[in-house]
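Taking it in order: structure first as structure tokens, then the write-up.
The values are calculated or read from the model by the stated rules, or taken from the named source; none is laboratory data. Everything numeric in this text was worked out from a predicted model, so none of it was measured. Please note: Cβ atoms are built from the backbone with ideal geometry, for glycine as well, and neighbour counts cover all protein chains shown.
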Ligand SMILES: [Zn+2]
């Protein structure tokens, strides 16, 4: 249908981009941590992980003017000392030294450190890792100081990285580093993972403690990457019952996912009583993801995050997987609007760079929900829920914490060192940001 009246570009641009929601009693202070340098790295042409999805997300956040609703920070890179709070020195030394040109000098290390198609050595791989990890640590620090109630780093969430090696496109585990930092002041940290894949790196790091509860919803059949995350993986020793896994089959739809998510997370939060939450928002659980097999729409994914927000507990929000960049960026922009409590116009703003990339609908909410059959019967999901509720009954409530068990302090920078580091980071960043808006040829083609 043709419209009898259509707005000119200028009028369109002047349209309000969002509507403030009213009525919510919880009005958190939100911060957004984004270092544009992170989107300039490149895993390789055929590799599904595309850091430029972070630039697209940022363009959407800016076009919708969400910056009016948050504190914006351009974070520093993590220092090597900070990264070594979790990772082994020989692995990080290797990551720092290796380049695509010197690969042949490292043949024994390549095997030992699991370098290959999933986790290639690309130009600047160490810098890339320290930038996204620094953003998560920066966000964590704003939560600890009380400056933010919700701190967002979409470049973080790399949940597969292990102490001694990279895994599943993840080199440094920014989530583990952030949780270690939070544990210095918080007695109990809840980690929630709604990526398509099992949050194995985080679960493994905190498997033996009752101070971190990990909950992961993911596709599981024993073979699907990373192969772990069945119902019976519940933690070890003191951490027994403090790891929860929700294994799902292909094609889960919005209603079943939301129902299961809420019926698990509500008792988890009321039993464990976390003082801070880390929410991983991997976007590969959306329908139509290049590596995905679920049927979730953007609103359903967001509904889970909205539900967690409604408990009013301080929260670090990070990204994760997500391999159809236009949908990843739609999702993370939408979830930023949930955090800032505004309703966005569905039609993407006219001044959005690369707007054609979101054709043909140019909408924030394309239909992603009917691609695959739902292989999760009502009975299967009921059984999963019942098993998890049983596990929760075995928890003796929230552990009270002996603060002498707190992991050793991060080596704190002096104010001068921090300023020096900031100056260095800014210099480096300025040289990279010039190229910010110029996506490489072919990159916007999937
Ligand atoms: Zn994933």
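Quick check on residue 258: is it out of contact with any strand residue (DSSP E or B) (no Cβ under 7 Å at 6 or more places or on another chain), away from the ligand (no atom under 16 Å from the Cβ), in a helix (DSSP H, G or I) and touching a residue at least 24 places away in the same chain (Cβ under 8 Å)?
Considered against the rule, which asks whether it is out of contact with any strand residue (DSSP E or B) (no Cβ under 7 Å at 6 or more places or on another chain), away from the ligand (no atom under 16 Å from the Cβ), in a helix (DSSP H, G or I) and touching a residue at least 24 places away in the same chain (Cβ under 8 Å), residue 258 comes out as yes.
Is it the case, given these coordinates, that residue 345 is over 22 Å from residue 260 (Cα atoms), at pLDDT below 95 and either surrounded by fewer than 22 Cβ atoms within 10 Å (Cβ to Cβ) or in contact with a helix residue (DSSP H, G or I) (Cβ under 7 Å, 6 or more places away or on another chain) (or both)?
No.
In this structure, is residue 158 within 16 Å of the ligand (Cβ to nearest atom) and either part of a loop (DSSP other than H, G, I, E, B) or touching a strand residue (DSSP E or B) at 6+ places or on another chain (Cβ under 7 Å) (or both)?
Considered against the rule, which asks whether it is within 16 Å of the ligand (Cβ to nearest atom) and either part of a loop (DSSP other than H, G, I, E, B) or touching a strand residue (DSSP E or B) at 6+ places or on another chain (Cβ under 7 Å) (or both), residue 158 comes out as yes.
Within segment 277-306, take every residue that is more than 15 Å from the ligand (Cβ to nearest atom) and more than 14 Å from residue 255 (Cα to Cα) and give me the one that is surrounded by the most Cβ atoms within 10 Å (Cβ to Cβ).
278
Scan segment 307-348 for residues that are over 15 Å from residue 287 (Cα atoms), part of a loop (DSSP other than H, G, I, E, B) and either touching a strand residue (DSSP E or B) at 6+ places or on another chain (Cβ under 9 Å) or within 16 Å of the ligand (Cβ to nearest atom) (or both) and jot them down.
Across segment 307-348, the qualifying residues are 311, 313, 314, 319, 320, 340, 341, 345, 346, 348.
When you go through 259, 330, 326 one by one, which is the residue that is over 26 Å from residue 241 (Cα atoms) and surrounded by fewer than 20 Cβ atoms within 10 Å (Cβ to Cβ)?
326
Between residues in segment 149-170 that are touching a residue at least 40 places away in the same chain (Cβ under 8 Å) and on the phi < 0 side of the Ramachandran plot and residues that are near the ligand (Cβ under 10 Å from one of its atoms) and assigned to a strand (DSSP E or B), which pairs lie under 9 Å by C-beta distance while being six or more apart or on different chains?
Here the result reads 156/280; 158/170; 159/170; 159/193; 159/280; 160/170; 161/170; 162/170, each pair linking segment 149-170 to a residue that is near the ligand (Cβ under 10 Å from one of its atoms) and assigned to a strand (DSSP E or B).
Quick check on segment 118-137. Is at least one of its residues free of Cβ contacts under 8 Å to residues at least 12 places away in the same chain and either more than 22 Å from the chain's Cα centre (by Cα) or farther than 22 Å from residue 330 by Cβ (or both)?
So far as segment 118-137 goes, no, none of its residues is free of Cβ contacts under 8 Å to residues at least 12 places away in the same chain and either more than 22 Å from the chain's Cα centre (by Cα) or farther than 22 Å from residue 330 by Cβ (or both).
If residue 392 passes every condition in (1) farther than 27 Å from residue 25 by Cα; (2) in contact with a helix residue (DSSP H, G or I) (Cβ under 6 Å, 6 or more places away or on another chain); (3) in a loop (DSSP other than H, G, I, E, B) but one, which one does it miss?
(3)
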